[in-house]
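One structure is given here, and the rest of the page talks about it.
The values are calculated or read from the model by the stated rules, or taken from the named source; none is laboratory data. Just so you know, these numbers come straight off a predicted model, no measurement behind them. We place every Cβ from the backbone using ideal geometry, glycine too, and count neighbours over all the protein chains shown.
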Amino acid sequence: MDKFRMIFQFLQSNQESFMNGICGIMALASAQMYSAFDFNCPCLPHYNLAYGLGILLVPPFILFLLGFVLNNNVSMLAEEWRRPRGQRGKDPSVLRYMFCSMAQRAMIAPVVWVSMTLLDGKCITCAFCTSVPVKTLGNASHAGLSQGEIKRVLARIPCKEIYDGQELIANEVAVRYLRCISQALGWCFVLLMTTLAFLVRSLRPCFTQAAFLKSRYWSHYIDIERKLFDEMCAEHARSFAKVCIQQFFEGMSTDLVATRCHPPRKAPADVGEAAEKLLGITDQATMNTALKSWHKCKPPLHLHPPAIPRSNGWAGEGQRPAHTPVPRREMAAYYSRV
Amino acid sequence: MEHFRMIFQYFQSNSESVMNGICGLLALASVKMYTCFDFSCPCLPRYNMAYGLGIMFVPPVALFLCSLFLNRQSLVMLEEWRRPQGHRKKDLAVIRYMCSSILQRAMVAPVVWVIVTLLDGKCLICAFSSSVDPEKFVGFANASPAHVQQLLAKVPCKDDALMRNNTSRKAVSRYLRCWSQALGWSILLILIVAAFLARWLRPCFNQATLLQARHWSNYIDIEQKIFEETCCEHSQFFAHKCILHFFENMRQEIRQHRFNLPRDREGAEGEEALLRGITDQGQVNKLLKMWYCEKPPLDVNWVTQR
């Protein structure tokens, strides 16, 4: 399992690798969906074309959009595009890089679907069975059928069990013909896509490599910065919550002391730890009051100054202590001109 | 099993990931449920529509409710909505954000069920086989109106005596299936386009408010978890002290009733201290009986007042 763990960590190490993983999964899902999908040609003259082309084109479009929807970088890109300029300039080449890399990854699942559909042949057979050249492959003058009748008969080619035009054109001949064209189209499509991918990959270093490296770096930077910001906010929320709850219990304990008629004797030092762990709540009634108070009267989102930890710079709200160390400000700026 | 543990840890790392994980699992469960379910159309004129539409719409409602109650965030949101204001103001934007994220995730499994149903086609064939126009299909155009309804209702049942090897049945079935699949793909397309637009356009409106709402909704969740952890730790310590006190009281009681007990050795350590002065069967039985009949009060004030 060590190898699996390494692969998992590698994929998670940056967003691009993670997206490559998702992209691979979607390609597999696309292949699986195609094999699970029960293709059902209607075998009626006008419906065939709509159904066949629909199955060829609509699912790839859906998969393409899904590739964008599942990609977390979409919101990052939109945010970077729409943010006010503030003190940091915006670099359109970074945005273009992000968009291109997302679009390239989103293209893979649709390409897999279209290739599988064409190589399988059912869609093209269904869509174009009424356009089979009967004159060359069959017996066009047979039985003097009208155009409409011929079309109706030809529309049933994909449905072998109800096909009744064997004298017009043999079913196997038509299916083989259409399948051959479909597979030829499929292989040409695969060849075209791989050639395009190859060209894009190999020609890029010949042009604007420096600009490309810069855009890639800054797009990774934006991604990492956003993740770190989210992590720091989560850590801050955790510390804030801990201190808030601690102060809530302390506040309860102080209230109790104030309402008791006789204050308890000062607890000796050796029971300090026990008292601390008990948070000042030592009987059932007090605990019930604490729980009720937690629901009915949550403490304000405002920490008291003595509780603010001084080790990190997140001072939250409240007064700053008198001697804060001068915070080190690390400036990071990226320049938009190469 | 280590890779399951790693995947599990990744998903537990924050509550949004947990919710996404549950949502994905429910979607897979929904597909699995559909494939395991043995669809059995009644093939009777009025029952078909009820059965077909029932199977298409009732399980999604159940899945929706299931997603809502499996999601811890819905309880957190309800609590935040209903709590009295107290010292902390309520932020409606946070509650709205939580509500919309819960609803979006809860919709996934029902939508998956509906789309799988439509792409499969059996439900629609069952529900609408009686509603097709018999004139379009050769085998049914010649039957009498009363008979044709019965025949059409039997279309979903391939093995019925009347319908076996009936080409018109296959034609009707194929026709309805084609419509069902077209509807399924169209609904999927519309939903994906809507999701895509929502993803792209959201940062264009109120991004700052959204970031704030997301942060505070996360905070509320973390705060609730930490409060529960604190209460749990407190109750552990409380219980420990309470039981110690109980044992101590028992030991004193036993000492009072026996005159010839050896003097307790001061500074008894290790296992003798763990025995806490209860050293024979009779004493243990008495202790257990006391624990059941007369539980000690929930009061450890003696800890702070000793």
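Quick grid of which residues meet (1) over 30 Å from A:Phe99 (Cα atoms); (2) without any contact (Cβ under 8 Å) to a residue 12 or more places away in the chain:
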residue	(1), (2)
B:Ser130	yes, no
B:Gly139	yes, no
B:Ala146	yes, yes
B:Gln150	yes, no
B:Arg174	yes, yes
B:Trp185	no, no
B:Leu197	no, yes
B:Gln224	yes, no
B:Cys232	yes, yes
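Being of a type in the set (S, T, N, Q) and part of a helix (DSSP H, G or I) is a condition met by at least one residue of the range B:191-208.
Looking only at residues in the range A:51-95 that are closer than 18 Å to B:Arg202 by Cα and of a type in the set (Gly, Ala, Ser), the one that is farthest from the other protein chains (Cβ to nearest Cβ) is A:Gly67.
Could you tell me whether the range A:40-48 includes any residue that is in a helix (DSSP H, G or I), of a type outside the set (Phe, Trp, Tyr), modelled with pLDDT under 90 and surrounded by 14 or more Cβ atoms within 10 Å (Cβ to Cβ)? Scanning the range A:40-48 turns up at least one residue that is in a helix (DSSP H, G or I), of a type outside the set (Phe, Trp, Tyr), modelled with pLDDT under 90 and surrounded by 14 or more Cβ atoms within 10 Å (Cβ to Cβ).
Please tell me if A:Glu225 is of a type outside the set (Val, Ile, Thr), on the phi < 0 side of the Ramachandran plot and surrounded by fewer than 14 Cβ atoms within 10 Å (Cβ to Cβ). Here the answer is yes, as A:Glu225 does meet what is asked. Checking each residue of the range B:154-167 against the condition of being in a helix (DSSP H, G or I) and surrounded by 19 or more Cβ atoms within 10 Å (Cβ to Cβ) gives no match. Suppose the filter is at pLDDT 90 or above and either touching a Ser or Thr at 6+ places or on another chain (Cβ under 8 Å) or not charged (D, E, K, R) (or both); does A:Leu65 pass it? Answer is yes for this residue.
Remark: pairs (first residue in the range B:204-222, farther than 19 Å from A:Ala78 by Cβ; second residue aromatic (Phe, Trp, Tyr); Cβ separation under 9 Å; 6+ apart in sequence or on different chains) = B:Trp216/B:Tyr97; B:Ser217/B:Tyr97; B:Tyr219/A:Phe240; B:Ile222/A:Phe240.
Within the range B:77-110, being within 13 Å of chain A (Cβ to nearest Cβ) and either surrounded by 16 or more Cβ atoms within 10 Å (Cβ to Cβ) or charged (D, E, K, R) (or both) holds for B:Glu79, B:Glu80, B:Arg82, B:Arg83, B:Arg88, B:Lys89, B:Lys90, B:Asp91, B:Val94, B:Val108. Restricting attention to the range A:66-110, and to residues there that are buried (at least 19 other Cβ atoms within 10 Å of the Cβ) and touching a Cys at 6+ places or on another chain (Cβ under 6 Å), which single residue is nearest to A:Ile22 (Cα to Cα)? Filtering first and then ranking leaves A:Arg105. Every listed requirement among (1) touching a residue at least 40 places away in the same chain (Cβ under 8 Å); (2) closer than 30 Å to A:Leu119 by Cβ; (3) under 30 Å from the mean Cα position of the chain (by Cα) is met by A:Leu178 save one, (3).
Remark: B:Ala127 falls outside the filter, which requires a residue to be of a type in the set (A, V, I, L, M) and farther than 24 Å from B:Pro60 by Cβ. For the range B:22-72, the set of residues classified as of a type in the set (S, T, N, Q) and outside any helix (DSSP H, G or I) consists of B:Ser40, B:Asn71, listed by residue number.
Kindly check whether there is at least one residue in the range A:138-148 that is touching a Phe, Trp or Tyr at 6+ places or on another chain (Cβ under 9 Å) and of a type outside the set (Asp, Glu).
No.
Would you mind stating whether B:Phe140 is at the interface with chain A (Cβ under 9 Å from one of its Cβ atoms), aromatic (Phe, Trp, Tyr), more than 15 Å from B:Leu44 (Cα to Cα) and surrounded by 13 or more Cβ atoms within 10 Å (Cβ to Cβ)? Judged against the criteria, B:Phe140 is not a match.
Yes or no, residue by residue, for (1) more than 33 Å from the chain's Cα centre (by Cα); (2) surrounded by fewer than 16 Cβ atoms within 10 Å (Cβ to Cβ); (3) under 30 Å from B:Trp113 (Cα atoms):
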position	(1), (2), (3)
B:Phe205	no, yes, no
B:Thr209	no, yes, no
B:Gln212	no, yes, no
B:Ile222	no, no, no
B:Phe227	no, no, no
B:Thr230	no, no, no
B:Cys242	yes, no, no
B:Glu248	yes, yes, no
B:Glu253	yes, yes, no
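One residue is enough: does the range A:66-78 have a residue meeting the conditions within 23 Å of B:Ser180 (Cα to Cα) and out of contact with any Lys or Arg (no Cβ under 7 Å at 6 or more places or on another chain)? Yes: one or more hits.
Scan the range B:186-201 for residues that are over 16 Å from B:Trp113 (Cβ atoms) and facing chain A (nearest Cβ under 9 Å) and the total you get is 10.
Quick one: which of A:Val173, A:Val190 is surrounded by 11 or more Cβ atoms within 10 Å (Cβ to Cβ), more than 31 Å from the chain's Cα centre (by Cα), of a type in the set (Val, Ile, Thr) and in a helix (DSSP H, G or I)?
Going through A:Val173, A:Val190 in turn, the sole match is A:Val173.
When every residue of the range A:101-114 is checked against the conditions, none turns out to be within 27 Å of A:Arg204 (Cα to Cα), in contact (Cβ under 8 Å) with a residue 12 or more places away in the chain and not in a helix (DSSP H, G or I).
Of all the criteria given as (1) crowded, with 20+ Cβ neighbours inside 10 Å; (2) touching a Ser or Thr at 6+ places or on another chain (Cβ under 7 Å); (3) at pLDDT below 85, the one not satisfied by A:Ile162 is (1). Consider B:Gly121 carefully, then state whether it is in contact with a Lys or Arg (Cβ under 6 Å, 6 or more places away or on another chain) and either modelled with pLDDT of 90 or more or on the phi < 0 side of the Ramachandran plot (or both). The answer is yes for B:Gly121. Has the range B:30-43 got any residue that is of a type in the set (Val, Ile, Thr), within 14 Å of chain A (Cβ to nearest Cβ) and closer than 16 Å to B:Ala106 by Cβ? No, because not a single residue in the range B:30-43 is of a type in the set (Val, Ile, Thr), within 14 Å of chain A (Cβ to nearest Cβ) and closer than 16 Å to B:Ala106 by Cβ. For the range A:66-87, the criterion of a residue being closer than 25 Å to A:Leu28 by Cβ and in contact (Cβ under 8 Å) with a residue 60 or more places away in the chain is satisfied by at least one position.
Restricting attention to the range A:193-222, the residues that are surrounded by 11 or more Cβ atoms within 10 Å (Cβ to Cβ), of a type outside the set (A, V, I, L, M, F, W, C) and in a helix (DSSP H, G or I) total 9. The single residue among A:Ala241, A:Ala184 that is hydrophobic (A, V, I, L, M, F, W, C), more than 30 Å from A:Met76 (Cβ to Cβ) and free of Cβ contacts under 8 Å to residues at least 12 places away in the same chain turns out to be A:Ala184. Evaluating B:Ser217 against the criteria (1) among the hydroxyl-bearing types (Ser, Thr, Tyr); (2) surrounded by fewer than 20 Cβ atoms within 10 Å (Cβ to Cβ); (3) more than 29 Å from B:Ile115 (Cβ to Cβ) leaves one unmet condition, (2).
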